[in-house]
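Report on one structure; see the data block that follows.
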Amino acid sequence: ALIEYELAGASRDTARMDAVTAARLRGQEYLLERRLFRRLTTGEVIDSTWLQFSFPNWWHYDVLRGLEYLWRAAAPPDERAAEAIALLESKRGPDGRWLLDNQYPGRMPVALHERVGEPSRWNTLRALRVLKWWNGDH
């Protein structure tokens, strides 16, 4: 939400925007210190559902969503995200698409016509944007 607030230029108050940016960057560092999905103390996966790519996410987090944030924030690729990128790449099917691993209940205004376990146009789009960012193909 903070990156969207920044990108929308939602405040003309420079001090407020500086505070929003600082908060966002603290959150970004928090994610990167944990490699987007691991406990800082033990290195264990925090929540196995974070390894399943969902769309729409609603308010839920997963590794693809964390990577998508880094892309959206135009953060420089960081080696601490390499394991998350490797996970993303490992989930790419032989046809070049990503599956819908999980689907949270909720009502979309438009039918997506995607089922769990089948290729997902939305996850594929999101994953390709992330990989383009990671590989420096702007």
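The values are calculated or read from the model by the stated rules, or taken from the named source; none is laboratory data. Treat the numbers as computed from the prediction; the structure is a model and nothing was measured. Here the Cβ is made from the backbone with ideal geometry for all residues, glycine too, and neighbour counts use every protein chain on show. Ligands, DNA and RNA are stripped out before the accessible areas are found, and what is left, the full protein with its side chains, is counted by its heavy atoms. Shrake-Rupley method; radii C 1.70, N 1.55, O 1.52, S 1.80 Å.
Using +1 on the beta carbon of Lys and Arg, -1 on that of Asp and Glu, and nothing else charged, what's the dipole of the chain about the Cα centre, debye to 20? Please list the in-between numbers first.
Values: 20 positive and 19 negative charges, 45 e Å.
Taking the Cα centre of the chain as origin, the dipole is about 220 debye.
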Choice from Ser90, Ser120, Ser54 with maximal GNM fluctuation in the chain (Cα, 10 Å cutoff): Ser90
If eta is 1.567 mPa s and T is 4 °C, what Stokes-Einstein diffusion coefficient results for region 59-138, Kirkwood Rh from Cα pairs, in µm²/s? 96
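Starting from 0.36 nm per residue, how many nanometres of slack lie between Arg65 and Ala82 once their C-alpha separation is accounted for?
On the way: separation 17, 0.36 × 17 = 6.12 nm, distance 1.48 nm.
Fully extending the segment from Arg65 to Ala82 adds 4.6 nm.
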Length gained when the stretch Arg129-Leu112 is fully extended (0.36 nm per residue, less Cα-Cα span): 4.2 nm
Could you pull the Cα extents of the chain along its three principal axes, largest to smallest, in whole Å? 46, 40, 31
Relative to the chain, whose Cα atoms define the longest principal axis, helix 121-134 and its Cα axis are tilted in degrees, nearest 10, by 50
Would you please give the FRET efficiency between Tyr30 and Asn102, computed as 1/(1 + (r/R0)^6) with r the Cβ-Cβ distance and R0 = 25 Å, to the nearest 0.05? 0.60
Amide H partners (placed H, <5 Å) of Trp98, local residues excluded: Gly93, Ser120, Thr124
Roughly what angle does helix 14-33 make with the longest principal axis of the chain, taking Cα atoms, 0 to 90 degrees, to the nearest 10? 40
Helix 63-72 axis, angle to the chain major axis (alpha carbon atoms, nearest 10°): 50
Any residue on another chain or 5+ positions along whose placed amide H is under 5 Å from the amide H of Arg38 is listed here as Ile46
Carbon and sulfur together cover what percent of the accessible area of region 18-84 at a 1.4 Å probe radius? 56
At 1.4 Å probe size, with every protein chain present, just tell me what the per residue accessible area of the chain comes to in Å². 62
